[in-house]
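Read the structure below first, then the notes.
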Amino acid sequence: MNVGIGLPNAVRGVDRKGIVDWARRAEGAGVATLGTIDRIVYPNYESLIALAAAAAVTERIELVTDILISPLRSNTALFAKQAATVDSLSGGRLTLGLGVGGRADDFEASGVDFARRGRIAEQQLGELTALWRGEGGVGPSPARAGGRPGLLIGGGADVVYERAARYGDGWTMGGGTPDSFREGRQKAQAAWTAAGREGSPRTMALFYFGLGDDAERVAADALGDYCAFLGDYAQQVAAGAAKDAATVKQYLAAFADAGADDVICFPTSTDPDEVERLAAVAL
């Protein structure tokens with residue numbers, strides 16, 4: 001199982017160190033992937049721009065949006081061009097994990113109908129595939145031999161697994177337990193087989209971690225703020241973050257046992273020393 005680390009692009013107070021320095025250190029530490037989390041109505045760094053900055057200072061590490069809320073990018077041609085640009089500049093290292101999102105304020109700010117987000121996402125997947133093939137003259141060409149960036153579809157609805165099998169390379173759960181992941185992976189495989197795809201879909205999960213000083217408070221502050229829209233459940237998210245080496249190892253082992261190909265550990269702190277702390281435990 002590949003172990004990745006998230007950029008703290010969605011941790012309040014993130015600055016250049018949390019993207020550029022963090023990316024350099026992650027590659028130096030031997031981490032497999034760099035991930036981003038996506039929102040609009042929050043003082044976070046935009047995912048594709050953050051990954052473009054990371055691409056400029058790295059050579060090997062995979063760049064993953066886990067997830068990017070695709071219906072918010074309502075100009076699909078521009079979205080296709082942006083993604084292909086990052087993929088080309090990074091030498092084919094971009095994998096898009098795409099989802100429909102669940103915060104109405106992000107859609108209101110973007111002028112996109114929240115109620116239609118699933119239908120918009122479905123239409124976009126077909127359009128993106130065509131645009132990356134060169135239809136419409138929108139370039140550059142993605143760097144990968146398959147003619148597009150890597151593509152994972154995120155979520156838990158039945159239609160998500162169907163979309164992953166039809167358009168993508170696999171499925172990403174986003175947040176959730178290893179047991180939930182195991183169930184989702186089985187559904188993803190069933191949809192993959194039903195669609196006539198060979199082999200198995202790539203599968204990905206994530207969890208939050210903090211290994212620095214005062215990890216309990218840092219996680220409570222960061223995730224309580226970021227997940228405030230969830231109400232009381234925000235503190236459950238914070239409580240579930242891995243805050244010591246033993247818990248990180250436990251979570252990784254559980255996801256490996258559930259069949260995950262990749263796990264991205266997303267930080268609750270902007271301290272770049274978290275990169276080496278995670279690597280010492282997880283690699």
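When 206, 211, 230, 223 are checked against the criterion of being without any contact (Cβ under 8 Å) to a residue 24 or more places away in the chain and not polar (S, T, N, Q), a single residue qualifies: 230.
Filtered by the rule that a residue be buried (at least 17 other Cβ atoms within 10 Å of the Cβ) and in contact (Cβ under 8 Å) with a residue 60 or more places away in the chain, region 11-37 gives 11, 14, 18, 22, 25, 26, 29, 31, 32, 33, 35, 37. Say we look at region 127-138 and pick out the residues that are surrounded by 13 or more Cβ atoms within 10 Å (Cβ to Cβ) and in contact (Cβ under 8 Å) with a residue 40 or more places away in the chain; which of these is farthest from residue 157 (Cα to Cα)? Filtering region 127-138 for residues that are surrounded by 13 or more Cβ atoms within 10 Å (Cβ to Cβ) and in contact (Cβ under 8 Å) with a residue 40 or more places away in the chain, the one farthest from residue 157 (Cα to Cα) comes out as 138. In this entry, residue 196 is excluded by the filter for residues that are in contact with a helix residue (DSSP H, G or I) (Cβ under 9 Å, 6 or more places away or on another chain), surrounded by fewer than 18 Cβ atoms within 10 Å (Cβ to Cβ) and part of a helix (DSSP H, G or I). Across region 86-106, the number of residues qualifying as touching a Pro at 6+ places or on another chain (Cβ under 7 Å) and assigned to a strand (DSSP E or B) comes to 3.
If you check 207, 255, 266 for being of a type in the set (Phe, Trp, Tyr), farther than 17 Å from residue 34 by Cβ and in contact with a strand residue (DSSP E or B) (Cβ under 9 Å, 6 or more places away or on another chain), only one passes: 255. Within region 223-249, the residues that satisfy the criterion of being small (Gly, Ala, Ser), farther than 14 Å from residue 269 by Cβ and crowded, with 16+ Cβ neighbours inside 10 Å are 234, 240. The residue that is surrounded by the fewest Cβ atoms within 10 Å (Cβ to Cβ), among those in region 69-80 that are assigned to a helix (DSSP H, G or I) and touching a residue at least 40 places away in the same chain (Cβ under 8 Å), is 77. Summed over region 24-50, the residues that are outside any helix (DSSP H, G or I) and not aliphatic (A, V, I, L, M) give a count of 11.
Screening residue 2 with (1) crowded, with 21+ Cβ neighbours inside 10 Å; (2) in contact with a strand residue (DSSP E or B) (Cβ under 6 Å, 6 or more places away or on another chain) gives one miss only, at (1).
Confirm whether residue 189 is surrounded by 14 or more Cβ atoms within 10 Å (Cβ to Cβ), over 27 Å from residue 279 (Cβ atoms) and polar (S, T, N, Q).
yes
Residue 21 satisfies every condition listed in (1) assigned to a loop (DSSP other than H, G, I, E, B); (2) closer than 16 Å to residue 276 by Cβ except (1). Restricting region 157-190 to residues that are of a type in the set (Gly, Ala, Ser) and not in a helix (DSSP H, G or I) leaves a set whose member that is farthest from residue 119 (Cα to Cα) is 176. Is it the case that residue 266 is in contact with a Pro (Cβ under 6 Å, 6 or more places away or on another chain), in contact (Cβ under 8 Å) with a residue 24 or more places away in the chain and within 29 Å of residue 14 (Cα to Cα)? The answer is no for residue 266. A single member of 109, 53, 83 is crowded, with 24+ Cβ neighbours inside 10 Å, out of contact with any Asp or Glu (no Cβ under 9 Å at 6 or more places or on another chain) and not in a loop (DSSP other than H, G, I, E, B), and it is 83.
Residues in region 261-271 that are surrounded by 20 or more Cβ atoms within 10 Å (Cβ to Cβ) and either part of a loop (DSSP other than H, G, I, E, B) or not aromatic (Phe, Trp, Tyr) (or both): 262, 263, 264, 265, 267, 268, 269, 270. Just one of the listed residues (258, 220, 215) is surrounded by 17 or more Cβ atoms within 10 Å (Cβ to Cβ) and within 21 Å of residue 26 (Cα to Cα), and it is 215. Checked across region 139-152, the condition of being within 30 Å of residue 238 (Cβ to Cβ) and crowded, with 21+ Cβ neighbours inside 10 Å holds for at least one residue.
Readers should treat all values here as calculations from the given coordinates under stated rules, not as data from a laboratory. If you're wondering where the values come from, they're calculated on a predicted model, not measured in any experiment. Please note: Cβ atoms are built from the backbone with ideal geometry, for glycine as well, and neighbour counts cover all protein chains shown.
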